[in-house]
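Written below as structure tokens is the structure these notes are about.
The values are calculated or read from the model by the stated rules, or taken from the named source; none is laboratory data. Just so it is clear, the model here is predicted, and its values are computed rather than measured. These area figures cover heavy atoms from the full protein model, side chains too; ligands, DNA and RNA do not enter into them. Shrake-Rupley method; radii C 1.70, N 1.55, O 1.52, S 1.80 Å.
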Amino acid sequence: MPGSFFDTNVLMYVASGNPAKADAAEKLIGDGWTISVQVLNEITNVARRKMRMPWAEAHSFLSMIRG
């Protein structure tokens, strides 16, 4: 597969409490890298289980990342 793909951890930095990591991740997202379906599933799992996000918040987070 051509292109650059995100790792789940990089995308989770957006929701972290660390502004430096969140800013760096947002810049990468803006650069147009590819997000695989597997990574979207992993983000959902981490958001729901580890971060205890409600479904609505997890959905909003995924929508923001995909946008």
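Scan the stretch 39-52 and tell me whether some residue there is open to solvent by less than 70 Å² (accessible area, probe 1.4 Å) and not in a helix (DSSP H, G or I).
no
Can you find, within the stretch 12-38, the residue that is most open to solvent (accessible area, probe 1.4 Å) among those that are in a loop (DSSP other than H, G, I, E, B) and not aliphatic (A, V, I, L, M)?
Across the stretch 12-38, the extreme among qualifying residues is 33.
For the structure I just gave you, tell me whether residue 42 is of a type in the set (Asp, Glu) and modelled with pLDDT under 90.
In short, no.
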